Amino acid sequence: MGLSGKRVLLGITASAAAFKGVALASAFRRRGFEVDAVLTPNAARLVSPRQLACITARRVLWTEFADDPGDDPAPHVRLTEDLSLMVIAPATADFLARLSLGLGDDLLTTTALACNSPMVVAPAMHNRMWRNPVVQEHVERLRGRGVVFAGPVDGDLACGDSGAGRMMEPPDILQVCLELML
Ligand SMILES: Cc1cc2nc3c(=O)[nH]c(=O)nc-3n(C[C@H](O)[C@H](O)[C@H](O)COP(=O)(O)O)c2cc1C
């Protein structure tokens, strides 16, 4: 089997670049990947889970505390089984801190804790946030644990400023992921 038919878990966090995470889901699908999308609760306020469900043809989750008691009680475990890659795009500063510290305070972080597949993160934040030493400490710690960073890149930021912190474009993130899976 080539790359097509492989399953990717796409996490989306609450960045102004969250819409690019939706575009990345579409790019993975066009390359033949199965895609499961998980949002943080805050990201589900910025982008539409329904839109992602249309793109992925899968149920999209953003909480472990399902309304229906008959729902899977451990989606974070199921989602990480037979997984080729987990990619979080965009990744907020807050998410990077939680991932670095090993917190499991929402579905995306518990899924990341349960994941033993390669992981790619694509940070997105203001350049002063990205340069903040505490953010860089988390980044170094995650790199040391084998997490692959796709960007960020220099460029225009959502607030009108410009600098390092812009999320890498979806086709470039896809390329990083493809190279990791080859
Ligand atoms: C419209 C909007 C855009 C935001 N963009 C970013 C961003 O690009 N990067 C970032 O680190 N935080 C950003 N934030 C702040 C995060 O949403 C906030 O830290 C939140 O707690 C992160 O939640 P999550 O990581 O669980 O998704 C933004 C907030 C709002 C309301």
Among GluC sites (Glu not before Pro) in region 50-144, those in a DSSP loop whose Cβ has at most 15 other Cβ atoms within 10 Å are GLU81
Heads up, region 49-89 by the C-alpha gyration tensor (a ≥ b ≥ c square roots of eigenvalues; a/c under 1.5 rounded, else a/b over b/c prolate, else oblate) looks oblate
Over the chain, the sum of -39500 (n - 2.57) across DSSP H runs of at least four, divided by residue number and rounded to 500 deg cm²/dmol, gives at 222 nm -11000 deg cm²/dmol
With +1 at each Lys and Arg Cβ and -1 at each Asp and Glu Cβ, the charge dipole magnitude of region 7-181 around its Cα centre, to the nearest 20 debye, comes out at 320 debye
The convex hull of the Cα atoms of region 43-141, divided by residue count, gives a volume in Å³ per residue of 116 Å³
For region 7-181, percent of DSSP beta bridges that are antiparallel (nearest 5) comes out at 20 percent
extent check for the chain: Cα max minus min per principal axis, descending, whole Å, gives 45, 34, 31
Eigenvalues of the alpha-carbon gyration tensor of region 70-110, times 5 and square-rooted, give semi-axes in Å, largest first, of 20, 13, 9
Once ARG30 and ALA66 are pulled to full extension, the length gained, defined as 0.36 nm per residue separation minus their Cα-Cα distance, is 10.0 nm
Dividing the mean separation of Cα pairs under 8 Å (6+ apart) by the residue count of region 7-181 yields a relative contact order in percent of 23 percent
Averaged per residue, the 1.4 Å probe accessible area of the chain, protein heavy atoms only, in Å², is roughly 48 Å²
Note, region 169-177: 3J(HN,Hα) by Karplus (6.51, -1.76, 1.60, θ = phi - 60°), whole Hz, Gly/Pro = x, goes 5, x, x, 6, 5, 4, 4, 4, 5
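The values are calculated or read from the model by the stated rules, or taken from the named source; none is laboratory data. Bear in mind the structure is a predicted one, so any value in this text is a computation, not a measurement. When we count neighbours, we look across all protein chains shown, and the Cβ atoms used for this are built from the backbone with ideal geometry, even at glycine. Areas reflect the complete protein model, heavy atoms only, side chains present, ligands, DNA and RNA absent. Shrake-Rupley method; radii C 1.70, N 1.55, O 1.52, S 1.80 Å.
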